[in-house]
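Nothing in this text is a laboratory measurement; each read-out follows from the coordinates by a stated rule. Quantities reported herein were computed from a predicted structural model and do not represent experimental measurements. Ideal geometry is used to build each Cβ from the backbone, glycine not excepted, and the neighbour counts take in all protein chains shown.
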Amino acid sequence: MEALEKGRYDMGMSSPPPLIFPPRSATLSFVSEPSSPGSGTGSHSVTRLRKNSAKMRKIQLSSRLASPIPSVTSAKSTVSKQPSSKPWEYVPILTDEQYAEKKERLLRGSKLKRELEKYWNIETPSRLEKKRLDEISSEDEEYDTDLDQELVGLELIVDEKTKQIKDDGLFPEYKRMCRKLNVIPNHYLLRHSTDDDIKLRHRYLSKNDCTAMGYEMKDNSTFSKIDLEDNGMTGKHIHALAEMLLQNHYVSDINLSNNPVGVPGAKVVRYILTNNTHIRKVDLTGCKIQDVGGKVMAEILEHNVYIKQLLLSRNGIGDESAIQFGKVLESNSTLEILDLSWNQINRPGAHALAVGVRNNHGLQSLILNMNGVGKEGGSSLIECLRLNSTLTILDIGANRIPDDIAPVIARVLPSNKALHTLKLSYNLITSEGAMTLLKPWSSKIKKKSPLKKIELDGTDVHTELALLVHKLREKRGLTVTVRLPPSRRERSLDPLMGSLMYIVRFCDKEDVDLPELFPRSYEEKGVLISTDDVVELIKHSGKDIGKYRLHELKRTLQETRDRRFELKELLTIHNQMRLGKDPQREDSLRSAIAGKRRGIPVETLQVSTPSTAGVRFRGGSDDED
């Protein structure tokens, strides 16, 4: 029978017999199959598992995942249907709307947005704007003009620029350069990008910082001054800024002070200034360029005719550089200020500078304090003013200049028509030397001298010199400063000094003009007055001052009511307080009658000078009895 059925199937007369699977048992067999040889389990073993236990469920689940059992087909089915190994065949197909929505969501929030846009060939700037443009145009399709299109185009440009600023912030190119160089953007530069002066002090910038900043500032048209003081910048940093300083035509003031620029940096600065026509001021104070760098800076003035201020203080510049500067000054007519203070310039360098100043017709200020020009160098610098008609300020303080220079000053300066400030502080000039150099201005024939100020700080002053200083200030308008160093001053302990200061403060508070209270004869005849006299004059000054206030003033001055003083003493304290000075810190006044010190105790006196009568002005000697 079976053979007959098989023959009929081979001839195509009937279908093959259905495959009947044995029915699945309702219960699971807990008996394990015999292990094969070499399986490591030894002989046959029987493992009993509790029904519905965790281990049983785990074994059941793993067996189903490893080899899925086909379902039993019906009697009409001929072949069992095997499950597909392709997982996407069971995922439901998305509609076009669903696909577009998920694509839009992926483009909007994915970190791989740029790669996906490139993959789908979507233009980045216009993708989101196109959707917005469709919404705008769909609101009113009937109203369409060229003007609308232009406005929409401008609006899209503004929106795109706003989006770019929001994404990248201000200075996108600068930030991209910072990312490229692996440095942090300077937020101070971003906040003050529209200021006239940019100050980046004490930040210790790296070379890459300077490169990124130079890239940003080379086209900036707002900066006129760049201050990079104390940033640890060397020649490499200056080289990173060179392109910016060469291309920017708006920066006129560059400050590189207190940076270890050295000789390499000085050479870079020379290259920049030789090819730049816009920088007017260069500050290289404390840049350690030494004498070699000083020569390099002097070479700049040979080719650059635009620099007006060159500051080279505290650089260790010596005589060789000073000689080079002297040669350059003979032909340069644009430099106005040259600062060579706190260097190592001695007599040869001072002689060379004097020759250059004598033939120069543009320099207005020469600063040489804290060098070592000495007697001969100082005389040369004073003598060169005989033929110079442009120099207005000459500072040769603290240069070991003795009294021998006084006759030269008295002979040369009265005939000079330009100099208005001469600084000779902290030299070796005594009171006699000061008297000698000031005498020409006390004569009646020397009225047209432009000299307005002479600084003689640190010079001991006796009464005759003090009276001459007062006369020159009152009648000639010449201010002479004769102030002792702070180390030689003592705070006044005289009660009369405190009383006079209280009177001055009281008059200022009550709006009383103190000098107008006294007759002129008091000052001319040296009349002695007391604090009670001052109170009576204040009482009858015409000001509405209450009785309680006057009683309080009189009670405060009770201790010194018997002390008498000259009017000029009170007026001097009044002038000092108007200038913001502390009269107790200045040299205290001395009564011409009493002959006593006012202010410095006897045990603090150190210096002895001849006794003279008169008023003790500020800056007097320390022992005058």
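Does region 357-428 come out rounded, prolate or oblate, given a ≥ b ≥ c as the square roots of the eigenvalues of its C-alpha gyration tensor, rounded meaning a/c under 1.5 and, failing that, prolate meaning a/b above b/c?
prolate
Among Lys471/Lys539; Lys375/Lys475; Lys199/Lys327; Lys509/Lys554, which pairs are too far apart, with a Cα-Cα distance over 24 Å?
On the way: Lys471/Lys539 33 Å; Lys375/Lys475 31 Å; Lys199/Lys327 35 Å; Lys509/Lys554 16 Å.
Beyond 24 Å between Cα atoms: Lys471/Lys539; Lys375/Lys475; Lys199/Lys327.
May I ask you to derive the relative contact order of region 390-476, considering only C-alpha pairs under 8 Å and at least 6 residues apart, and to give it as an integer percent?
33 percent.
How do 253-260, 292-299 rank on mean C-beta neighbours within 10 Å, highest first?
Result, highest mean Cβ count within 10 Å first: 292-299, 253-260.
Mind ranking 408-414, 552-558, 99-105, 367-373 by how tightly packed they are, going by the mean number of other C-beta atoms within 10 angstrom, highest first?
Result, highest mean Cβ count within 10 Å first: 367-373, 408-414, 552-558, 99-105.
With an 8 Å cut-off on Cα pairs and a minimum separation of 6 or more residues, tell me the relative contact order of region 322-460 in percent.
That works out to 20 percent.
For Glu330, what charge total do you get from the other residues with a beta carbon under 15 Å from its beta carbon, if Lys and Arg give +1 and Asp and Glu give -1?
0
Mean separation of Cα pairs under 8 Å and 6+ residues apart, divided by the residue count of region 228-380: what relative contact order is that in percent?
18
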